[in-house]
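Read the structure below first, then the notes.
Nothing in this text is a laboratory measurement; each read-out follows from the coordinates by a stated rule. The model shown is predicted, which means the values in this text are computed figures rather than measured ones. As a convention, Cβ positions derive from the backbone with ideal geometry for all residues, glycine included, and neighbour counts pool all protein chains shown.
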Protein chains: 2
Amino acid sequence: MNSVSLVGFLDQLVRDLTPRLERAVEEPSHRYTPELREALRYTLLAGGKRIRPAVIELWAGDDADRESVADAQVAVELIHTASLILDDLPSMDDAHLRRGRPACHRVFGVDTAILAATALLARGFEYLGGIDARRPEVQATVMFAHAVGLEGMIGGQHVDLRLEAERRDFDSLEYIHRHKTGALFEACGRLGCRLSRAPSQTVSAREEVARVYSRNLGLAFQIKDDLLDATGHADEMGKDARQDRGKPTFVSVLGQKASVEIMERLLATARESLHHADRADPLLGELCDYVMARTK
Amino acid sequence: MNSVSLVGFLDQLVRDLTPRLERAVEEPSHRYTPELREALRYTLLAGGKRIRPAVIELWAGDDADRESVADAQVAVELIHTASLILDDLPSMDDAHLRRGRPACHRVFGVDTAILAATALLARGFEYLGGIDARRPEVQATVMFAHAVGLEGMIGGQHVDLRLEAERRDFDSLEYIHRHKTGALFEACGRLGCRLSRAPSQTVSAREEVARVYSRNLGLAFQIKDDLLDATGHADEMGKDARQDRGKPTFVSVLGQKASVEIMERLLATARESLHHADRADPLLGELCDYVMARTK
């Protein structure tokens, strides 16, 4: 793995993962429900950077149990895609576009979109449960369920929806994104460590590093999203367009310059953390550069 | 367990389960999100017949691992409650009342209701994952995730939403409810068997019986719901009220008399199945009578 570039690694990952994602939403019997299956496929297979599966694989390492790594990668993309469908709903962000296409609910209706998200989430847990059945010590289900729920992704999304603009400051934005985005990233890094075949003490020590790395990478990733959104909108339709839709971001609250500085500091912390691991794939460091440099 | 009446058993079950459900939605840190937690509590703790937890416990038997039975009961109520919140949404059934109180989204808003349902689902899987971590052979997560998803509860709900009135006949209504309601009931019966401490061959044989019993009980339960709804509306506001809201039911498609006959046949099948088990709690038979006789 160390001999390839990050871009090569990510390309290969997408090539390997795509057919597995397709299989994950195949349904043997759909006598009355082809449309629901189509809605699942529509958002899941529309592309995506697959950064979370990369984090799992890079922390798992070459000696990991390949089947469980593959299942974990499918699971996190199913869960992440479910969260995108929910975020885009009219009662949430009311987004029109996702991954360059009309959002799921704009094509299939709000009711189907909600059910599609729920079915993706359930299928994600089915994969995690499969890992636990083979390797109960991993506890993949418990870790991800916690990262998704009230004290994770969903909790963060709720604060993001409901916190008044005037209460948005660095602390509250950090709280939102550490939950909304960071929790799932963190679970990916930790799960990767647990899937390696190292002794449990080594795994625990590595997991602590992966936690620091992943949560900082995740938060930086989110700030980069905000920066790209701000720039994108500035180019295309004037800077106010997005902010008028309601939710203040790192960029709108702290300004572009401060947001870039915070992102760089988070990525430096993530990179620095890698020195404390008994082993860390060099591509994990490159992933930090990739997040900073990405243009979409 | 055999010495108490079904009513006594159900009363005790509710008394035991309620504090566990409360603990399941406690959240140590909710710096910005007390409202989301309130929304979870609101629907989860509004009462409910707790029939699904009863099915788990009666199939598990007295010699089962109590901690896992308790966790499974909490999990299924979390998941079932999530499905009620989703069903009631404006884009689904647009229900105003649930368990005698305004539906979750009418109190907390559609966005919070969707997030509350997702958080309940995630917490449910967290409990199931806990069972798998202790007893990996049970595979609780995989079984329930399948029962919830595309080929289970969510798949059934989608057909229920989208199937045109003119295509509603016995077969399609049966399909809908075997998925929407039956799949989770079936998972409860099967999980109960797996939680007993019997040898695996005994468990497998019992599970087959529990499957037949639970799916027929679940479908009968749903038809009884339809019958109660039809009668309830007839008394309170005229019979057309509910049917005008759109979705044809067993009662509206097949008539009241035929629906009662079908329900009785299903319950007879459930009762009959019990003779094929190496052991079956007599309360399982009484549960069939209870479903038929219930008035709410």
Q: Quote the FRET efficiency, to the nearest 0.05, computed for B:Ala293 versus B:Ser200 with a Förster distance R0 of 41 Å and r equal to the Cβ-Cβ distance.
A: 0.65
Q. Going by average Cβ neighbours within 10 Å, how do the peptides A:20-26, B:217-223 rank, with the highest at the top?
A. B:217-223, A:20-26
Q: Give the relative contact order (percent, whole number) for region A:78-124; include only Cα pairs under 8 Å separated by 6+ residues.
A: 47
Q. Residue by residue, what Karplus-based ³J(HN,Hα) values in Hz, rounded to whole numbers, does region A:216-222 have, using 6.51, -1.76 and 1.60 with θ = phi - 60° and x for Gly and Pro?
A. 6, 4, x, 5, 4, 4, 5
Q. Cα gyration tensor of the protein assembly as shown, axes a ≥ b ≥ c as square roots of the eigenvalues: rounded (a/c below 1.5), prolate (a/b > b/c) or oblate?
A. prolate
Q. If you count, for every residue in B:131-142, the Cβ atoms of partner chains within 10 Å of its Cβ, what is the mean?
A. 5
**Q.** Difference of contour (0.36 nm per residue) and Cα-Cα distance, B:Val253 to B:Glu26
**A.** 77.4 nm
Q | Formal net charge of residues neighbouring A:Gly124 (Cβ-Cβ distance under 11 Å; K, R +1; D, E -1) | A | -2
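Determine, for A:Cys288, B:Cys193, the number of other Cβ atoms within 10 Å of each Cβ, and report the residues in order from fewest to most.
A:Cys288, B:Cys193
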Q | Per-copy distances of the A:Asp94 label point, shortest first, in nm (7 angstrom along Cα→Cβ) | A | 1.9
Q.
I want to verify a result. In a Gaussian network model of chain B, Cα cutoff 10 Å, which of these has the top mean-square fluctuation: B:Ala116, B:Ala75, B:Ala198?
A. B:Ala198
Q | For region B:111-117, Karplus couplings with θ = phi - 60° (6.51, -1.76, 1.60), whole Hz, Gly/Pro x | A | 5, 5, 4, 5, 5, 4, 4
Q) If we count every other residue with Cβ under 12 angstrom of B:Arg271's Cβ, Lys/Arg +1 and Asp/Glu -1, where does the sum land? A) -3
Q | For residues of A:32-42, the mean tally of beta carbons on other chains within 10 Å | A | 4
Q. Residues with beta-carbon under 12 Å from that of A:Leu254, excluding A:Leu254: net charge, scoring Lys, Arg +1 and Asp, Glu -1?
A. -3
Q) Rounded to the nearest 500 deg cm²/dmol, what is the calculated helix-only ellipticity per residue at 222 nm for chain A, with -39500 (n - 2.57) per DSSP H run of length n ≥ 4? A) -23000 deg cm²/dmol
Q.
Within a 10 angstrom radius of the beta carbon, how do B:Thr181, B:Thr141 rank from fewest other beta carbons to most?
A. B:Thr181, B:Thr141
Q.
I need the calculated FRET efficiency for the pair A:Arg134 and A:Thr231, taking r as the beta carbon distance and R₀ as 45 Å, to the nearest 0.05.
A. 0.50
Q: Would you list which lysines come within 28 Å of B:Lys180, measuring only between C-alpha atoms, while excluding same-chain residues fewer than 8 positions from it?
A: B:Lys49, B:Lys224, B:Lys239, B:Lys247, B:Lys257, B:Lys296
Q. Quick one: which of B:127-137, B:182-192, A:249-259, A:159-169 comes out on top by average Cβ neighbours within 10 Å, and what's the full order, highest first?
A. B:182-192, B:127-137, A:249-259, A:159-169
Q) Relative contact order, percent, of chain B when contacts are C-alpha pairs under 8 Å separated by at least 6 residues? A) 19
Q: Mind listing the label-point distances from A:Pro34 to the same position on all other copies, shortest first, one decimal in nm, points 7 Å along Cα→Cβ?
A: 5.2
Q. Once you average over the residues of B:169-182, how many Cβ atoms of partner chains fall within 10 Å of each Cβ?
A. 1
Q: If a/c stays under 1.5 just call it rounded; otherwise compare a/b with b/c (prolate if a/b is bigger, oblate if not). Do that for chain B, with a ≥ b ≥ c from the square roots of the Cα gyration tensor eigenvalues.
A: oblate
